[in-house]
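Contents: one structure, followed by commentary.
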Amino acid sequence: MDNNKPIYVTQPALPDLQEFIPYLEKIWDNKILTNNGPFHMQLEKALAEFLEVPFVSLFANGTLALIVALRALNITGEVITTPYSFVATSHSLLWNNIKPVFVDIEPNSCNIDSEKIEKAITKRTTAILPVHVYGNPCQTERIQEIANTYKLKVIYDAAHAFGVKQNGKNICTHGDLSALSFHATKVFNTMEGGAIVSHSASTKKKIDYLKNHGFFNETKVKTLGLNSKMNEMQSALGLLQLKNFHQNIQKRKRITQLYQKELEKIKGISFIVNTASTEPNFTYFPIFVNKNEYGMTRDDLFKKLKKNNIFARRYFYPLISNFPMYKSIESARSSNLPEADKIAENVICLPIFSELDLNSVYRIIDIIKNKDA
Ligand SMILES: *Cc1c(COP(=O)(O)O)cnc(C)c1O
């Protein structure tokens with residue numbers, strides 16, 4: 001065994017290539033490559049069943065799903081969101097000329113702190129865009145309560161949360177819409193891809209013509225749509241990936257349990273513990289470094305891992321609010337986001353993917369344990 005082979009934060013799961021060939025042959029036979037073809041229809045149906053939701057609309061990627069989700073609900077003005085996410089969350093607002101209003105996070109889950117949302121609501125607020133970060137469920141009930149009181153829409157960025165359940169129900173059953181990403185780095189991938197979960201036939205219809213240039217029927221263009229359709233190859237791959245999903249999650253679970261068991265013993269290293277009501281997807285394994293207790297800064301540990309060919313990532317650092325296009329927004333100032341600031345300074349996401357063998361996990365743990373190495 002190569003004891004120094006590079007290990008990256010993730011490695012995409014793929015089905016057996018032989019299993020994919022018959023799907024490709026079908027596409028080559030029927031010459032339907034895109035525009036709601038047979039695999040596209042099958043995958044929408046399969047995902048709706050899997051996610052226990054009435055309607056799924058497939059997209060070319062998760063970012064376009066977010067952009068269209070905001071359009072579909074006519075969101076304007078200001079939207080309350082979290083700075084602790086991948087930048088596409090806030091970018092989807094700017095692409096719709098909406099002003100992001102950043103609210104601090106709750107350190108135990110790293111999700112938007114629902115108790116701080118109300119203070120950020122103004123006359124211009126039209127929606128809340130929370131993220132189930134690392135696949136950890138937001139406080140969905142509290143958020144819905146606030147949305148009902150102030151008549152706001154709720155769109156979840158569920159890019160990390162594919163397959164996650166809360167109190168026995170799929171996480172995508174919450175909110176007005178949920179946007180998913182099937183990017184190569186996500187737990188369920190179609191190379192690139194995404195989806196919007198909706199809860200009414202009329203909303204799905206609107207989403208579906210927005211993603212296809214605004215075509216309502218053959219001759220009528222009803223709205224300023226764009227092209228964000230998923231193609232038949234991606235859809236076919238999705239059907240196969242779905243079959244292997246459960247097995248992949250079980251492998252990730254074993255890795256998570258090993259990390260937890262061993263890292264628990266190390267002073268100054270902490271991690272998120274899921275609540276009993278959550279059925280997680282084990283998509284990331286973030287740790288938080290307390291430099292006083294651990295005796296080394298986050299960045300020094302990050303560099304040490306790198307020196308040992310372990311390519312962890314600092315998700316999510318820097319905060320979205322520190323990027324140049326957001327910096328000047330009033331709510332982006334650090335004094336408004338102290339918890340997010342602190343977490344972003346201390347976080348490292350350790351490698352986790354279904355093909356990561358347990359010996360490699362021990363190798364990573366040993367580097368973290370042995371501070372002088
Ligand atoms: C990956 C991701 C997206 C964007 O998805 P793409 O499919 O890469 O466009 C959006 N939000 C979050 C939180 C993500 O992690």
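The values are calculated or read from the model by the stated rules, or taken from the named source; none is laboratory data. Only a predicted model underlies this, so the values are computations on that prediction, with no experimental measurement involved. Reconstructed Cβ throughout: ideal geometry from the backbone, glycine too, with neighbour counts over all protein chains shown.
Summary of computed values
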| quantity | calculated |
| --- | --- |
| Some residue of the stretch 45-52 being under 24 Å from the mean Cα position of the chain (by Cα) and within 16 Å of the ligand (Cβ to nearest atom) | yes |
| Members of the stretch 128-153 found to be within 16 Å of the ligand (Cβ to nearest atom) and either in contact with a helix residue (DSSP H, G or I) (Cβ under 9 Å, 6 or more places away or on another chain) or without any contact (Cβ under 8 Å) to a residue 24 or more places away in the chain (or both), listed by number | Ile128, Leu129, Pro130, Val131, His132, Gly135, Pro137, Cys138 |
| Residues being in a helix (DSSP H, G or I) and either outside the structural domain of Ser181 (by TED's automatic domain parsing) or touching a residue at least 12 places away in the same chain (Cβ under 8 Å) (or both) - total across the stretch 36-47 | 8 |
| Single residue of the stretch 250-274 satisfying the filter (of a type in the set (S, T, N, Q) and touching a residue at least 40 places away in the same chain (Cβ under 8 Å)) that is surrounded by the fewest Cβ atoms within 10 Å (Cβ to Cβ) | Asn274 |
| First in the stretch 55-82 and closer than 23 Å to Phe323 by Cα and outside the structural domain of Asn136 (by TED's automatic domain parsing), second anywhere and away from the ligand (no atom under 13 Å from the Cβ) and among the acidic types (Asp, Glu), Cβ under 6 Å, 6 or more apart | none |
| Single residue of the stretch 171-210 satisfying the filter (surrounded by 22 or more Cβ atoms within 10 Å (Cβ to Cβ) and aromatic (Phe, Trp, Tyr)) that is nearest to the ligand (Cβ to nearest atom) | Phe182 |
| Selection count where residues are touching a helix residue (DSSP H, G or I) at 6+ places or on another chain (Cβ under 8 Å) and assigned to a loop (DSSP other than H, G, I, E, B), scope the stretch 202-225 | 5 |
| Looking only at the stretch 333-373, and only at residues there that are polar (S, T, N, Q) and touching a residue at least 60 places away in the same chain (Cβ under 8 Å), the one that is nearest to Gly295 (Cα to Cα) | Ser360 |
| Residue identified as away from the ligand (no atom under 16 Å from the Cβ) and farther than 16 Å from Gly193 by Cβ among Asn97, Asn111 | Asn97 |
| Thr10 vs. criteria part of a helix (DSSP H, G or I) and either outside the structural domain of Val164 (by TED's automatic domain parsing) or within 16 Å of the ligand (Cβ to nearest atom) (or both) | no |
